[in-house]
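Worksheet: the structure to be examined is printed underneath.
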Amino acid sequence: MSRRTLRLWLVEPLAPGGAIPAVLLEQLEAFRARHPTVIFDVRAKLPSGADGVLEVLRSTLAVAPDALPDLVLLSRADLVSAATANLVQRLEGRLPEEVVSDWFPVAREMSTFNGELYGASYVLDGQHLVFRQSAVETPPVVLDDLLDVPPPFLFPAGNIDTIVGQYMAGGGRLIDDEGRAVLDPDPLLAVLEFYQRAIQENVLPLTVLEYDNADGYVEDYLSGLSTIAQMNASTYLRRRNEMGSSNVALVPAVEGPSVTVITGWSWAMVTTDPDRQALVVELLGWLMQPERLGAFSRDSRWLPSQRTALQIWGDEAYGAFAEALLAEATLRPTSAARLTAARAMQDALRSVLLERLTAQEATNAAVASVTQPDS
């Protein structure tokens, strides 16, 4: 009886310190009971950079193609790059319909390239508010509500997600009908005017510019130095047991909740061998069954890509909140045009927080920086 080795590459955000999660190993071992000739080789890779998973995938193809993984976890940006370079294979029409139909819309979008599935969306992440109920009786609904909350309010100003979501909640676009970068001045100005007031009223410390995620200030929240902060769901879930009587709420925008900007990880199939592909597709269907995805996401402290998997958690209050968070979410910008617009907004926010420009001046500069003259 010949043995077949299936290689899986995870990324360290889902395998902290390179340790493969026990829940995943258990699920793979259960799959082996159906396929006793299969051996799994599971490794963790860095998520980005010169030694990140995408670059290692490229270099392995060039120098040691026999060592390529059969399945690999990729971010949205890396999935697009890998699909463009023909490093991963189409999954359109190959995954169980009950899996695909249960995805949140943003999860399906995360796995789609040129209108077809190239990934199997696995876990998601996005920002929300965390606040101490003893200090914040009513969670902020609009941005101006934050001015009445005991300061400091902490958020990752070094991350594009916040301002992109708040700008889009006001109807702002990142690209025009021709796919070119664009910024609409009115919704951007409305957001920047709030941050101008917040910095003038000492609601925000300038240290927020140093943070691109909540890991830099989560200890300040836990110690009570801040009573309200924005955190990724994964950070909140990982430290939830330390947060006492904290509660959660959607990030506010000018007139209501912000659009939640989502990141996450999708499985992608690398192997081109038809027999191995059939086995990989079966494995994906196995791992993506709600009870298994629910168990993995719950134990790893990430949001699952499927509604039913979220229900498996058995956490009715946070589960309902997370479902609302994901239902109307959008992907973090990855295309060059969208990133151009997002980075221009980020620069504008930085200028306002540093009081180098007024909200109006920063808006004008951002809009001008992405405006392309007609040819």
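The values are calculated or read from the model by the stated rules, or taken from the named source; none is laboratory data. Quick caveat, the model's predicted, so the values are computed rather than measured. Methodologically, a virtual Cβ is constructed for each residue, glycine included, from the backbone with ideal geometry; neighbour enumeration extends over all protein chains shown.
Go through region 29-42 and give me each residue that's part of a strand (DSSP E or B) and surrounded by 15 or more Cβ atoms within 10 Å (Cβ to Cβ).
Within region 29-42, V38, F40, V42 meet the criteria.
Any idea which of (1) polar (S, T, N, Q); (2) over 17 Å from the mean Cα position of the chain (by Cα); (3) surrounded by 19 or more Cβ atoms within 10 Å (Cβ to Cβ) is the one S300 doesn't satisfy?
For S300, the failing item is (2).
Looking at (1) in contact with a Phe, Trp or Tyr (Cβ under 9 Å, 6 or more places away or on another chain); (2) under 24 Å from A322 (Cα atoms); (3) β-branched (V, I, T), find the lone condition where V53 falls short.
It is condition (2) that V53 fails.
Which one is surrounded by the most Cβ atoms within 10 Å (Cβ to Cβ) among residues in region 206-224 that are without any contact (Cβ under 8 Å) to a residue 24 or more places away in the chain and of a type in the set (A, V, I, L, M)?
The selected residue is V218.
Could you tell me whether any residue of region 260-273 is small (G, A, S), over 24 Å from the mean Cα position of the chain (by Cα) and under 21 Å from F321 (Cβ atoms)?
No, because not a single residue in region 260-273 is small (G, A, S), over 24 Å from the mean Cα position of the chain (by Cα) and under 21 Å from F321 (Cβ atoms).
Does A135 count as in contact with a strand residue (DSSP E or B) (Cβ under 9 Å, 6 or more places away or on another chain), small (G, A, S), within 30 Å of I228 (Cβ to Cβ) and not in a loop (DSSP other than H, G, I, E, B)?
No; evaluated as a whole, the condition is false for this residue.
Within region 34-66, can you find the residues that are at pLDDT 95 or above and among the small types (G, A, S)?
A44, G52, S59
Among the residues of region 120-137, what is the count of those that are polar (S, T, N, Q) and touching a helix residue (DSSP H, G or I) at 6+ places or on another chain (Cβ under 8 Å)? Please lay out each step first, then the result.
Here is the first cut: in region 120-137, the residues polar (S, T, N, Q) are 121, 127, 133-134.
Among the residues that remain, those that are also touching a helix residue (DSSP H, G or I) at 6+ places or on another chain (Cβ under 8 Å) are: 121, 127.
Summing the residues that are polar (S, T, N, Q) and touching a helix residue (DSSP H, G or I) at 6+ places or on another chain (Cβ under 8 Å) in region 120-137 gives 2.
For residues in region 75-96 being more than 19 Å from R276 (Cα to Cα) and assigned to a loop (DSSP other than H, G, I, E, B), which is farthest from the chain's Cα centre (by Cα)?
Here the residue is A85.
Could you list, in sequence order, all residues of region 169-208 that are in contact with a Phe, Trp or Tyr (Cβ under 7 Å, 6 or more places away or on another chain) and not hydrophobic (A, V, I, L, M, F, W, C)?
Hit for region 169-208 is P187, nothing else.
For V281, work out the one condition from (1) in contact with a strand residue (DSSP E or B) (Cβ under 7 Å, 6 or more places away or on another chain); (2) surrounded by fewer than 19 Cβ atoms within 10 Å (Cβ to Cβ) it doesn't fulfil.
If we test V281 against (1) in contact with a strand residue (DSSP E or B) (Cβ under 7 Å, 6 or more places away or on another chain); (2) surrounded by fewer than 19 Cβ atoms within 10 Å (Cβ to Cβ), just (1) comes out false.
Within region 253-269, identify whether any single residue is charged (D, E, K, R) and at pLDDT 95 or above, and answer yes or no.
Yes, region 253-269 contains at least one residue that is charged (D, E, K, R) and at pLDDT 95 or above.
Here is a list: T308, T340. Which entry is closer than 21 Å to T260 by Cα, of a type in the set (V, I, T) and crowded, with 18+ Cβ neighbours inside 10 Å?
Testing whether each residue is closer than 21 Å to T260 by Cα, of a type in the set (V, I, T) and crowded, with 18+ Cβ neighbours inside 10 Å leaves just T340.
How about region 142-181: which of its residues are in contact with a strand residue (DSSP E or B) (Cβ under 6 Å, 6 or more places away or on another chain) and part of a loop (DSSP other than H, G, I, E, B)?
V149, F155
Looking for something at pLDDT below 95 and on the phi > 0 side of the Ramachandran plot - is there at least one such residue anywhere in region 303-314?
Yes: one or more hits.
Being assigned by TED's automatic domain parsing to the domain that holds V100 and either aromatic (F, W, Y) or farther than 28 Å from G17 by Cα (or both) narrows it down to one residue among E291, E355, E316, E361; which is it? Break it down stepwise before answering.
Values: E291 fails: either aromatic (F, W, Y) or farther than 28 Å from G17 by Cα (or both); E355 fails: assigned by TED's automatic domain parsing to the domain that holds V100; E361 fails: assigned by TED's automatic domain parsing to the domain that holds V100.
From the options E291, E355, E316, E361, the qualifying one is E316.
What's the number of the only condition in (1) charged (D, E, K, R); (2) outside the structural domain of L10 (by TED's automatic domain parsing); (3) touching a Pro at 6+ places or on another chain (Cβ under 9 Å); (4) free of Cβ contacts under 8 Å to residues at least 60 places away in the same chain that R298 fails to meet?
(2) is the only condition that R298 fails.
Just name the residue that is nearest to the chain's Cα centre (by Cα) out of those in region 1-22 that are part of a strand (DSSP E or B) and modelled with pLDDT of 95 or more.
V11
I need the full set of residues from region 7-41 which are closer than 21 Å to V53 by Cβ and either charged (D, E, K, R) or outside the structural domain of V281 (by TED's automatic domain parsing) (or both), in order please.
To start, the set of residues in region 7-41 that are closer than 21 Å to V53 by Cβ comprises 7-21, 23-25, 27-28, 40-41.
Within region 7-41, R7, E12, D41 meet the criteria.
Here is a yes/no grid of residues against (1) assigned to a loop (DSSP other than H, G, I, E, B); (2) under 18 Å from the mean Cα position of the chain (by Cα); (3) in contact (Cβ under 8 Å) with a residue 12 or more places away in the chain:
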| site | (1), (2), (3) |
| --- | --- |
| W286 | no, no, yes |
| G314 | yes, no, no |
| F321 | no, yes, yes |
| L326 | no, yes, yes |
| P333 | yes, yes, yes |
| A337 | no, no, yes |
| A341 | no, no, yes |
| V352 | no, no, yes |
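Name the residues in region 61-82 that are closer than 23 Å to L283 by Cα and surrounded by fewer than 21 Cβ atoms within 10 Å (Cβ to Cβ), would you?
L61, P65, D66, A67, L68, V80
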